[in-house]
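The values are calculated or read from the model by the stated rules, or taken from the named source; none is laboratory data. Everything numeric here is computed off the predicted structure, so don't read it as measured data. Cβ sites come from the backbone with ideal geometry, for glycine too, and all protein chains shown count toward neighbours. For accessibility, only protein heavy atoms count, side chains too; no ligands or nucleic acids. Shrake-Rupley method; radii C 1.70, N 1.55, O 1.52, S 1.80 Å.
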Amino acid sequence: MAGALAVQESSLHQLYVIGMGLDGVAGLSDMARSHLMTATCIVGHPSYLSLVAHCPAEQIPLTGAVQDWVEVLRQQLQERSLVLLASGDPLYFGMGRLLMEYLDRQQVVFLPHVSSVQLAFNRLGIPWQSATVVSVHGRSADHLDRALRQSKTPIALLTDGDHTPAAIAQLIADLRLPVSYRLHVCSRLGAPDEAIATCSLDEAMQREFPMPNVVVLERQAKSPDLATTPLLGIADGDFYTFEDQPGLLTKQEVRVLAIALLQIRPGLTIWDVGAGTGSVSIELARLLPDARVLAIEKTAAGVALIQANCDRFGVANVTVVGGSAPAALHDLPCPDRIFIGGGGAQLPEILTVCGDRLQPGGRLVASFATLEACAIAQHTLSQWQWPVQLTQVNIARSTTLKTRPPAPDATRWLPLNPVTLVYSDKPSQ
């Protein structure tokens with residue numbers, strides 16, 4: 001009952017939460033400035049109070065987390081209305097959410113400033129209606145990790161002293177993503193010394209940037225340097241990928257292992273069924289310039305991507321076959337090797353055609369992400385009395401784990417989705 005009475009009494013007074021930028025009072029609306037000039041008491045962090053020193057109201061400095069000083073607000077609101085100074089838009093990764101947990105929503109009036117994220121996108125001229133915004137300010141980087149793995153663009157990041165632009169660039173490099181990003185670092189937005197810098201991952205890792213800053217990540221096309229492209233194990237990020245499913249390609253480590261299991265040699269005819277982006281086909285074609293590689297892909301987007309990747313890597317011995325397996329396989333030349341990267345509901349029929357068309361003594365290798373597909377392949381091949389081998393591939397890539405000084409940075413593992421490789425040789429007789 002006493003708690004309800006306290007809420008009723010305090011509701012007579014209002015808390016005006018005014019968002020401010022680094023441009024100070026000059027960036028406020030007329031309404032916000034009016035509340036400042038007529039307030040009897042202004043509370044906030046000392047850095048914000050210094051910007052309103054000319055106001056006649058009593059000033060009460062607040063430091064630490066909201067939980068540490070919310071009781072001061074409650075006590076003051078029993079006696080009078082208050083102005084609380086905050087950063088940017090208080091309800092956008094600001095103190096507003098926590099205030100709503102402690103105070104009556106009807107008692108609080110928000111007068112926001114333009115958020116730093118909004119300023120950053122407008123300074124850069126990048127539309128942001130579909131942007132992904134992540135705060136790593138006092139938070140873990142888990143949400144950022146997920147956004148990067150999904151190849152979101154653009155991504156805006158609210159940083160802090162631990163998750164600096166250099167640390168973010170290091171994380172992106174560690175993830176070895178299938179796409180590339182450029183970094184825009186927007187420092188001290190709205191202040192006289194505002195600075196905007198656009199840089200590569202390597203450049204960002206070597207620099208320090210003024211605080212506070214917002215990092216905007218923008219996906220970009222990356223052209224590989226063919227002179228330094230490895231003979232085997234092309235980086236995932238060097239391939240063109242699907243815009244809506246950028247991670248949908250055979251990952252570098254799995255690709256290398258699958259090619260090893262194919263036991264390739266010069267002059268072969270090879271099918272890549274469900275070729276996707278063509279990453280396996282292109283690796284095979286570069287390794288075997290005299291081989292004939294047929295990349296079979298059912299989607300028009302995939303066919304275009306395979307051709308674009310062939311052009312990108314300068315391979316001329318890949319034939320792109322547009323069409324759905326198994327129907328698209330019947331008129332192709334008989335293969336010496338087959339790699340199956342998909343199949344879906346048609347997998348039994350695809351396996352049947354592949355088994356019939358594969359040359360005696362040839363090898364079939366298939367990559368599966370689900371147990372059900374793996375079981376179908378194993379059962380089908382065993383019924384044919386083909387020797388079957390399975391290799392489960394569990395890969396984790398290292399990434400830097402930022403820690404608070406003086407503790408040194410650590411390293412943790414980021415696992416990829418497990419994959420099962422099924423491989424079998426067609427009997428010679």
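Overview of results
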quantity	calculated
Residues that are open to solvent by less than 60 Å² (accessible area, probe 1.4 Å), touching a residue at least 60 places away in the same chain (Cβ under 8 Å) and of a type outside the set (Gly, Ala, Ser), drawn from segment 24-65	LEU28, HIS35
Filter result for GLY314 (surrounded by 19 or more Cβ atoms within 10 Å (Cβ to Cβ), modelled with pLDDT under 95 and closer than 24 Å to ILE264 by Cβ)	no
Scan of segment 142-167 for residues that are buried (at least 20 other Cβ atoms within 10 Å of the Cβ), under 9 Å from the mean Cα position of the chain (by Cα) and assigned to a helix (DSSP H, G or I), ordered by number	LEU144, LEU148
Residue within segment 96-105 that is open to solvent by less than 40 Å² (accessible area, probe 1.4 Å), of a type in the set (A, V, I, L, M) and within 26 Å of the chain's Cα centre (by Cα) present	no
In segment 414-429, residue farthest from the chain's Cα centre (by Cα) [restricted to those that are more than 22 Å from ASP336 (Cβ to Cβ) and surrounded by fewer than 15 Cβ atoms within 10 Å (Cβ to Cβ)]	PRO418
Some residue of segment 307-327 being over 34 Å from the mean Cα position of the chain (by Cα), assigned to a helix (DSSP H, G or I) and more than 22 Å from THR241 (Cα to Cα)	yes
Sole exception among (1) surrounded by fewer than 21 Cβ atoms within 10 Å (Cβ to Cβ); (2) over 22 Å from ASP89 (Cβ atoms); (3) under 13 Å from the mean Cα position of the chain (by Cα) for VAL133, by number	(2)
Residues located in segment 105-141, provided they are farther than 22 Å from LEU36 by Cα, part of a loop (DSSP other than H, G, I, E, B) and hydrophobic (A, V, I, L, M, F, W, C)	ILE126, TRP128, ALA131, VAL136, ALA141
Complete set of residues in segment 364-413 that are open to solvent by less than 90 Å² (accessible area, probe 1.4 Å), among the hydrophobic types (A, V, I, L, M, F, W, C), without any contact (Cβ under 8 Å) to a residue 24 or more places away in the chain and in a strand (DSSP E or B)	ALA396, LEU401, ALA410
Any hit, segment 289-304, residues being touching a residue at least 60 places away in the same chain (Cβ under 8 Å), in a strand (DSSP E or B) and farther than 30 Å from ARG123 by Cα	no
Matching residues in segment 181-202 - criterion: being open to solvent by 20 Å² or more (accessible area, probe 1.4 Å) and of a type in the set (S, T, N, Q)	THR198, SER200
Residue that is nearest to ASP174 (Cα to Cα) [pool: residues in segment 414-429 that are of a type outside the set (A, V, I, L, M, F, W, C) and part of a loop (DSSP other than H, G, I, E, B)]	ASN417
Where CYS354 falls short, out of the listed (1) in a helix (DSSP H, G or I); (2) in contact with a Ser or Thr (Cβ under 9 Å, 6 or more places away or on another chain); (3) in contact (Cβ under 8 Å) with a residue 24 or more places away in the chain	(2)
